[in-house]
Amino acid sequence: KEMPEGIYGFLRAPFYALPGNGVKDFVDAYKSAHNDYPDDWAVLGYDGFRQVFAAAKKAGSVKHEALRKALISDPYAGLRGTMVVRGIDGTNNSPIFIGETAHTGEYDFPVLKNVISISGVSLLPDLAVIEQRRKAAKK
């Protein structure tokens with residue numbers, strides 16, 4: 001509550017600014033169960049579990065190779081938007097959200113306003129860089 005306004009920061013999953021489908025239902029269910037708003041970790045856990053669950057369902061298995069193939073073959077539409085796991089390194093291209101702190105009155109804590117989403121694709125190292133680093137690490 002004491003956080004000043006006008007500080008720029010980033011969050012991984014600010015529930016009040018998420019672009020994905022089902023955000024309101026998730027927040028309502030979370031508030032009902034926990035009498036509080038979800039933090040980033042709750043959103044990340046929810047998205048992560050549902051992404052792996054969808055892959056396991058598609059693969060018909062939870063064995064490593066079948067699950068990996070299912071994860072890298074289909075985009076996952078979650079609370080944070082649509083994400084894909086890269087085959088080369090198993091990294092999910094999840095976004096980050098940047099904004100400016102503000103006390104809006106809607107919540108009893110400061111939130112980020114003027115939020116922009118930065119795609120995970122733009123934050124991850126290029127595939128050529130990964131391959132170059134892997135070769136250098138083997139020397």
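The values are calculated or read from the model by the stated rules, or taken from the named source; none is laboratory data. Predicted, not measured: the structure shown is a model, and the values here were computed from it. Cβ: placed from backbone, ideal geometry, glycine included. Neighbour counts: every protein chain shown. Side chains included, ligands, DNA and RNA excluded: accessible areas come from the protein's heavy atoms. Shrake-Rupley method; radii C 1.70, N 1.55, O 1.52, S 1.80 Å.
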Residue ID - modelled with the lowest pLDDT, chosen from residues in segment 78-129 that are out of contact with any strand residue (DSSP E or B) (no Cβ under 9 Å at 6 or more places or on another chain) and surrounded by 15 or more Cβ atoms within 10 Å (Cβ to Cβ): L124
Within segment 130-139, how many residues are surrounded by 12 or more Cβ atoms within 10 Å (Cβ to Cβ) and either hydrophobic (A, V, I, L, M, F, W, C) or under 18 Å from L44 (Cβ atoms) (or both)? 1
When the residues of segment 20-34 are narrowed to those that are surrounded by 13 or more Cβ atoms within 10 Å (Cβ to Cβ) and in contact with a helix residue (DSSP H, G or I) (Cβ under 9 Å, 6 or more places away or on another chain), which ends up farthest from S119 (Cα to Cα)? Y30
Answer yes if at least one residue in segment 29-45 is farther than 30 Å from E2 by Cβ and not aromatic (F, W, Y), and no otherwise. no
Pairing a residue in segment 55-79 that is in contact (Cβ under 8 Å) with a residue 12 or more places away in the chain with any residue that is outside any loop (DSSP other than H, G, I, E, B) and among the aromatic types (F, W, Y), where Cβ atoms lie under 9 Å and the two sit 6 or more apart in sequence or on different chains, gives A55/Y76; G78/Y46; L79/F15; L79/F26; L79/Y46
Any idea which of (1) open to solvent by 30 Å² or more (accessible area, probe 1.4 Å); (2) more than 20 Å from I96 (Cα to Cα); (3) of a type outside the set (D, E, K, R); (4) modelled with pLDDT of 95 or more is the one S73 doesn't satisfy? (4)
Working only within segment 104-139, note down all residues that are more than 23 Å from the chain's Cα centre (by Cα) and aromatic (F, W, Y). none
P38, sole failed condition from (1) touching a residue at least 12 places away in the same chain (Cβ under 8 Å); (2) under 13 Å from G120 (Cβ atoms); (3) not charged (D, E, K, R): (2)
Note on segment 94-139: residues touching a residue at least 60 places away in the same chain (Cβ under 8 Å) and within 30 Å of I72 (Cβ to Cβ) are S94, I96, F97, I98, V115, S117
Set A13, A42: member being of a type outside the set (D, E), more than 17 Å from I118 (Cα to Cα) and in contact with a helix residue (DSSP H, G or I) (Cβ under 9 Å, 6 or more places away or on another chain): A42
